[in-house]
Amino acid sequence: MQAKTFHTALLTGNEAIAAGAYKAGVRVATGYPGTPSSEILPYLARFNNAIVNWSINEKTALEIAIGASIGYKRSMFTTKHVGLNVASDPFMTLALTGVRGGIVIITADDPAMHSSQNEQDNRFYSKFAKVPMFEPSDSNECFKFTDEAFEVSESFDTPVIIRMTTRISHSKSVVHIEPVYLPNMNLNSENKNNSYLKEKIYIKDIEKFVMAPVYARKRHKIAIERLKKLQEFSNNSGINRIEYNSLDFGIITSGVSYQYVKEIAPFASVLKLSFSYPVPDLLIKEFVKRVKSVIIVEELEPFIQNEISSIGINLKGKEIFNRFGELTPDMVKEGLINAGFIKKYDNKSSGKLLSKGGLSELDNLLKKLPQRLPALCSGCPHTSIFYALKKLKVPVMGDIGCYTLGALPPLNAMDSCISMGLAFGAAQGLSLSNSSPKKIAGIMGDSTFFHSGITSLIDAKYNNACFTAIILDNSTTAMTGGQDHPGTGKNLSPGQVMSNKIDIKRVVEGIGIDEIYTIDPYDYNAVYKTLKKALSSKNLNVIITKRPCILYPVKIDLGKKFKILEGCNGCGLCMQTGCPSILNSGKFLDNNKPVPFIDSSCIGCSICKDICVFNFIEEIKS
Ligand code: SF4
Ligand code: SF4
């Protein structure tokens, strides 16, 4: 037998998930972009044998994966944590039907909310749905566990969750991988190793896939029985492992916390949970019996702690560590000091000593940097809308995208941002409350409109609502890095699935809305006049702004620069746009007002020129 050639590759967790899915023979992979999960599908699309596409939203993405599984194909669905809420309806019942081809669900959680509206801990979904879960601690495990997860899915007839977090998704670490599973070494080859690539003829099985009560009741019992078998697997598969060291100190941990524990307390015995639901009850009992003092280190909620408590073992965890935000090595160290595992200046522990107040050197350095709020890019086409909305002083129900930054100073032009696709529903609800003397505006981007804004706009027309719906069409999903959506007419696997371009205006017309305005957001005067007109009309109306994002899919350079002329009276209107190219020069006029200036990052959108009512901004002529 020929020995396999292994290669070491430095991959992010997301790339390693894609490589693992390719190795497992995944045939259909779907998802909706969401940080920190967005890079998995584009990486997988670099291989040749899977159909990899963005879907309109997470629910649809999972539904497609389910259909592929019913057709005996391995399928994968990727999402950020909140996206699983959107897909939770099919997910909860998929847990009852089980699978044919394996289904792996990647949920990438975002502790500390680096780019999210909440920090829900999706490990609870696995318990809620009675679905097994892997938690990798590095990229090598991402690769191995994804392959393994498909096996578990088919062996136990269940979907499987792989729970990532931002640090695991985006950190690079070494993966031991055969070159054939790396896309750049595999440009024109098919993965022929996997038996799951063989075609099977579809047959009907209504007892398994029609969840009418008569069959669903039976399937629920099967799902409960399945959990017992999964717990045996959790105890015996070797995926969960004990690393014995000192028998005085023991730590039960999972995910990225495992890395911090190994760095800070290399002397401690560790029970590493990689298959963390259902928990390995026998392994836990063995560990607790042998090690004198055991605590739990986990990020966010006391998930492991609760599971261990449910088997009658009470250990400390959240009494020592935060229930919010990310853990860091310094926080783990501080917790272990508080738990009496290490002394403050103990040489046995590694990691830098904490400075006063528990802050790391990095924290201290970060504190010294000037504070700056996030802002729209220079020349972002959303700028003019928010500037005009602020002037018109109307309540604005907002949504999730780059444009959420319109809520922050100096624009201050958004009143709510709660979940994807909420804006039009909330605008309808607020208008029904009759609490605002002014007409309400709802605002969302093109990708969000397709994701879940369409349904609430249909509802608004159906229920005769009266508000102004604004769709900011910049022809991309900008916030997550410029992914395609139905309005772009492109997708990740264009050779395998033809994409069609869906026209937003025609969708709105199809709903039966007659008052529709399409405007160029770089024409500030038209933006202001149109908003004013739409907001004084007694109809449900729609404004579509059309201008591509300046960063995606290609960086736009309009080839123009603007400057502020001598004589500027320091009124500050241009600075109220929030354009990062307009800065305070540090000089002051006689009236003590600061003099603005425009730096070389200006892309020449001309919005500030239109806003300066005194005509002190003009294009630089070369
Ligand atoms: S990435 Fe695009 S949409 Fe986002 S702020 Fe920049 S220009 Fe605006
Ligand atoms: S023209 Fe004005 S608003 Fe546009 S990028 Fe330049 S400075 Fe910013």
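Rule-based calculations on the coordinates, nothing more; no lab input. Keep in mind that this is a model prediction, so the values were computed, not measured. Please note: Cβ atoms are built from the backbone with ideal geometry, for glycine as well, and neighbour counts cover all protein chains shown.
The table for this structure:
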{"item": "In the stretch 1-106, the trypsin sites (Lys or Arg not before Pro) that fall in loop regions by DSSP, at most 11 other Cβ within 10 Å", "result": "Lys4"}
{"item": "³J(HN,Hα), Karplus 6.51/-1.76/1.60, whole Hz, each residue of the stretch 240-246, x for Gly, Pro", "result": "7, 9, 9, 10, 6, 9, 4"}
{"item": "Enclosed volume per residue, in Å³, of the convex hull spanned by Cα atoms of the stretch 426-494", "result": "91 Å³"}
{"item": "Cα-Cα pairs of the stretch 562-619 separated by more than 16 Å (percent)", "result": "31 percent"}
{"item": "Burial ordering of Ile224, Ile611, Ile458, Ile168, fewest other beta-carbon atoms within 10 Å first", "result": "Ile224, Ile458, Ile611, Ile168"}
{"item": "Estimated vicinal HN-Hα couplings, Hz - the stretch 16-26 in sequence order (Karplus 6.51, -1.76, 1.60; Gly, Pro = x)", "result": "5, 4, 4, 5, x, 5, 5, 4, 6, x, 4"}
{"item": "Lysine pair count for the stretch 241-359 [Cα-Cα under 15 Å; pairs on different chains or 8 or more apart]", "result": "15"}
{"item": "Two-decimal Rg/Rh across the stretch 66-162, once Rg and the Kirkwood Rh are taken from alpha-carbon atoms", "result": "0.96"}
{"item": "Dipole magnitude (debye, nearest 20) for the chain, charges at Cβ of Lys, Arg, Asp, Glu", "result": "300 debye"}
{"item": "Sequence-distant lysines (8 or more away, or on other chains) whose Cα lies within less than 29 Å of Lys560", "result": "Lys390, Lys391, Lys529, Lys546, Lys587, Lys593, Lys609, Lys621"}
{"item": "D_trans [Stokes-Einstein, Kirkwood Rh over alpha-carbon pairs] for the stretch 383-546, 10 °C, 1.306 mPa s, µm² s⁻¹", "result": "100 µm²/s"}
{"item": "Rg to Rh quotient for the stretch 475-622, alpha carbon positions, Kirkwood Rh", "result": "1.07"}
{"item": "Sorted largest first, extent of the stretch 7-235 alpha carbons per principal axis (Å)", "result": "50, 42, 39"}
{"item": "Distance histogram in 10 Å bins (all Cα pairs of the stretch 241-359, percent per bin)", "result": "14, 50, 30, 5, 0"}
{"item": "Cα-derived Rg over Rh, computed across the stretch 1-143 with Rh taken as Kirkwood radius", "result": "0.97"}
{"item": "The chain: relative contact order as a whole-number percent, Cα under 8 Å and 6+ apart", "result": "11 percent"}
{"item": "Built amide H within the under 5 Å cut-off of Ile543, gap 5+", "result": "Ala469, Ile470, Ile471, Tyr517"}
{"item": "Simple Cβ-charge dipole of the stretch 7-235, Lys/Arg +1 and Asp/Glu -1, about Cα centre, in debye nearest 20", "result": "720 debye"}
{"item": "Cut-off of 10 Å, at most 15 other beta carbons, DSSP loop: longest stretch of the chain lacking such chymotrypsin sites (Phe, Trp or Tyr not before Pro)", "result": "346-613"}
{"item": "Whole-Hz ³J(HN,Hα) from phi, Karplus 6.51 cos²θ - 1.76 cosθ + 1.60, for the stretch 324-340, glycine and proline x", "result": "9, x, 8, 8, 10, x, 5, 5, 5, 4, 4, x, 5, 5, 5, 7, x"}
{"item": "Largest to smallest principal axis extent of the C-alpha atoms in the chain, angstrom", "result": "79, 66, 55"}
{"item": "Stokes-Einstein D (µm²/s) once Rh is taken as the Kirkwood radius of the stretch 85-131 over alpha-carbon pairs, at 25 °C in 0.890 mPa s", "result": "204 µm²/s"}
